[in-house]
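The values are calculated or read from the model by the stated rules, or taken from the named source; none is laboratory data. Please read all numbers here as calculations on a predicted model, not as lab measurements. Here Cβ is always computed from backbone atoms with ideal geometry, including for glycine, and neighbour counts include all displayed protein chains. Areas reflect the complete protein model, heavy atoms only, side chains present, ligands, DNA and RNA absent. Shrake-Rupley method; radii C 1.70, N 1.55, O 1.52, S 1.80 Å.
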Amino acid sequence: MLELIGTVAMNTTFSPPETTRLSLPVEGMTCASCVGRAERALAAVPGVLSVSVNLATERAEVISAAPLDRALLVEAVENAGYEVPQHDQDIAIEGMTCASCVGRVERALAAVPGVTAATVNLATERATVSGTADSAALVDAIEAAGYDAHPVQASAGADDAATERKQAEEAALWRDLMLAAALSLPVFVLEMGAHMVVRFHHLIMATIGMQTSWLIQFVLTTLVLAGPGRRFYLKGFPALWRGAPDMNSLVAVGTSAAYTYSLVATFAPALLPAGTVNVYYEAAAVIVTLILLGRYLEARAKGRTSQAISRLVGLQPRTARIRRDDVVVEVPIAEVRAADVVELRPGERVPVDGEVVAGNSWIDESMITGEPAPVAKSSGAVVTAGTVNQNGALTFRATAVGEATMLAQIIRMVEAAQGGKLPIQALVDRITLWFVPVVMAIAALTFVVWLLLGPAPALTYGLVNAVAVLIIACPCAMGLATPTSIMVGTGRGAELGVLFRKGEALQALQGVRVVALDKTGTLTAGKPALTDLVLAPGFNRADVLAAVASVEALSEHPIAQAIVTAAQAEALDLHKVEDFASETGFGVRANVAGATVHIGADRYMAQLDLDVGPFAQEAARMGQEGKSPLYAALDGRLAGILAVADPVKPTTPAAIRALHDLGLKVAMVTGDNAVTAQAIARQLGIDEVVAEVLPGGKVTAIQSLRAAHGTLAFVGDGINDAPALAEADVGIAIGTGTDIAIEAADVVLISGRLTGVPEAIALSRATMGNIKQNLFWAFVYNAALIPVAAGLLYPSTGILLSPVFAAGAMALSSVFVLGNALRLRQFRPTSHEEGALT
């Protein structure tokens, strides 16, 4: 007995029980006591084996004997007085075909504990979920609703995998379409040819006979439905059994009805009333073929709608050449770290963001900013991932890599905007929720009415018209109407250097009536520059500017630095300065290269007995432009008048004109003095000025402008503009401004060009117009053709719609919506809204 026990013991392997590990972020802990409290709360959840909470990483590691409901753990943490932060997750979804699918997935996700918001986009085939729910629970919910899903991984490899999956899906559709067409064509010719051509009918009867013709059609149609058409039944009938029918359900029920009726007519004709023995194999086969054609064209068009993202992703090189131990090595882009020194050869793309440490070159930044002219780069200049080096070699130090680069942030912004839902979509969602069930009810009603009230053969009429109703209904067009236009519109905006951080901004921007702009850094360059230097007769610009700049180089004042910068830009040499002295309230004097230089206001020149009268006209002009003139004298002679100001950006005048051309009011809100603000407003043709306001006062100014003119967009760039950007109906940040301003904005102009504002508004109007066209088509198509398919015109005109034509119309309906959305790719920014979309 002991030997037996020993043998059993020797031959039995004891394995430890399997466990599940779950990591949870926890916020609000401040000390070791908090850690203990959180651990005790989590340990009390049934099924938890052990808990480890780390104060430094603010994470809890929970080990359980079986998978736990994440919501229970979150509840335990929150009951202990701490917080599990909400986060956004993207889930890729496969198998959605229409707007009804979108509503079904959203309801399934919303029912998952811990989900606070869920948005599903048919065009991108993604769900964006906010809350504390675990991704596994979200995937399970989607799969329970009848679709395939997996979390989206943010990496180039994941993008490649998604692209390959879509290409494989497109290839499979093409293969199935070709097979279905090859099998359906003989069926169509045999049946419809016999109906339409009398001689062909006689030929069939004289050769193979009607019964053999039906048997051939039966075999070929069965192959179509069981092969290429199988996808509709595998998804359509399960959705119907769950009480949540979709587009696949309509196709499955319609074609099955036609096929089953034909089977009875072929193999058990005695079961049918006299005069109703007909077959509709060609309807079932051709419907599947035409809908596959529509799906294939749809897949191709969807690929084109997302090309903007693909192009952005394609801008980043796969490798980078970096210095390691004084040796240049080529490494995958994922291995580049911040502070690595990167070597860039002529013609190469910049792999990561960085700061130039050596070399001189020009870089084409058009793919990021939309600006066509290359930008000079030398030591200290910033380079951006995805841009193209021209003819010089550069060495730069990486400052941002991976998801932290500007290119990665742009891609995230565009994806977020493309995945968003506009307010206009809410009506569509409410309608599509009931669309497919209502269509099925209409089809059933059509069958019953024709069966009871229709002419002989009533059964045949009832079947054909009910199938036509099921097939012609197109929830796909309604589901694609809004997201495809958003995808193309936001993608085109990214190409123009206009980033919509939120898809909702697209709809809000088209209703703007007044645009309020900050002055410094938005209308103007944001730093003082020498704007005027008018010389007296007998003086040379280079000599005067060099002398003045040499004196001003001793001062740290912004005006003095602007003069020095201007001299350096003209490659002038600054001279040694002696006997420098400041005359408080008047100006400065010094000896420069043997000459006495005086610089100051008109009263200083008067003190020196110098007549400024010859420059009176220039001084008056500068005063009207909000500039303060300065005078320069060399060796006791008045040499010239100069002015330093914050210059208006070169693109500002054109931007203001374009805003006026769009029918908008333009206002300036600034903390500068009223004289300077009014001068710039007159120069640019700005309609309204609110000057001398504090940062908090900008919010009040915006509220007043909104009350006076309507929906308002505010354009700013600084930290002090953040409250105003948040208060405005649409906040537009200059991309060259501060991160805080960009975070508070709805729209970002990457290049800093102010002309991006009218471009964004024109693009918004074009996109919303496109969406309305799509929705009009989708609703009118269904509202008009479903009654026609039901036979509404038959009593007065004798017109009935064949299910085959119904299938063709349904397929083309989705293609029309996608084709119309793709027109936005041709959007061209102009001064006028009209003509922007060609």
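A few comments on the model shown:
- Qualifying residue in the stretch 207-223 (condition: buried (at least 18 other Cβ atoms within 10 Å of the Cβ), modelled with pLDDT under 80 and among the aliphatic types (A, V, I, L, M)): no
- Wholly enclosed strands (runs of 3 or more DSSP E) of the stretch 29-122 bearing at least 3 residues open to solvent by less than 70 Å² (accessible area, probe 1.4 Å), under 30 Å from residue 484 (Cβ atoms) and out of contact with any Cys (no Cβ under 8 Å at 6 or more places or on another chain): 87-94, 115-121
- Some residue of the stretch 324-332 being open to solvent by less than 30 Å² (accessible area, probe 1.4 Å) and touching a residue at least 40 places away in the same chain (Cβ under 8 Å): no
- Count of the stretch 766-778 residues which are touching a strand residue (DSSP E or B) at 6+ places or on another chain (Cβ under 9 Å) and open to solvent by 30 Å² or more (accessible area, probe 1.4 Å): 0
- Residues located in the stretch 251-275, provided they are hydrophobic (A, V, I, L, M, F, W, C) and open to solvent by less than 10 Å² (accessible area, probe 1.4 Å): 251, 252, 258, 265
- Exactly one residue out of 616, 581, 553, 606 is in contact with a strand residue (DSSP E or B) (Cβ under 9 Å, 6 or more places away or on another chain) and either among the β-branched types (Val, Ile, Thr) or closer than 20 Å to residue 638 by Cβ (or both), and it is 581.
- Restricting 278, 248 to those that are touching a residue at least 60 places away in the same chain (Cβ under 8 Å), surrounded by fewer than 19 Cβ atoms within 10 Å (Cβ to Cβ) and touching a Phe, Trp or Tyr at 6+ places or on another chain (Cβ under 9 Å) reduces the list to 278.
- Output for the stretch 779-798, where each listed residue is part of a helix (DSSP H, G or I) and either of a type in the set (A, V, I, L, M) or loosely packed, with under 14 Cβ neighbours inside 10 Å (or both): 780, 783, 784, 785, 786, 788, 789, 790, 795, 796, 797
- Any chance residue 516 is closer than 28 Å to residue 704 by Cβ, at pLDDT 85 or above and assigned to a helix (DSSP H, G or I): no
- Lone unmet requirement of (1) outside any loop (DSSP other than H, G, I, E, B); (2) over 20 Å from residue 410 (Cα atoms); (3) modelled with pLDDT under 90 for residue 829: (1)
- Residue tally, condition hydrophobic (A, V, I, L, M, F, W, C) and at pLDDT below 80, over the stretch 35-64: 2
- Checked against (1) among the aliphatic types (A, V, I, L, M); (2) surrounded by 14 or more Cβ atoms within 10 Å (Cβ to Cβ); (3) modelled with pLDDT of 80 or more; (4) under 23 Å from residue 260 (Cβ atoms), residue 194 passes all but condition (3).
- Residue count for the stretch 486-518 satisfying the condition of being more than 23 Å from residue 406 (Cβ to Cβ) and open to solvent by 10 Å² or more (accessible area, probe 1.4 Å): 6.
- Top-ranked residue in the stretch 660-706 [being touching a Gly at 6+ places or on another chain (Cβ under 9 Å) and of a type in the set (S, T, N, Q); ranked as least open to solvent (accessible area, probe 1.4 Å)]: 676
- Test: residue in the stretch 332-347 that is at pLDDT below 90, part of a helix (DSSP H, G or I) and more than 27 Å from the chain's Cα centre (by Cα): yes
- Which numbered condition residue 238 misses (of (1) assigned to a loop (DSSP other than H, G, I, E, B); (2) closer than 27 Å to residue 96 by Cβ; (3) in contact (Cβ under 8 Å) with a residue 12 or more places away in the chain): (1)
- Restricting the stretch 764-806 to residues that are of a type in the set (Val, Ile, Thr) and over 23 Å from residue 825 (Cβ atoms), the residue that is nearest to the chain's Cα centre (by Cα): 780
- Within the stretch 126-145, if we keep just the residues that are among the acidic types (Asp, Glu) and surrounded by fewer than 21 Cβ atoms within 10 Å (Cβ to Cβ), the residue that is nearest to residue 23 (Cα to Cα) turns out to be 140.
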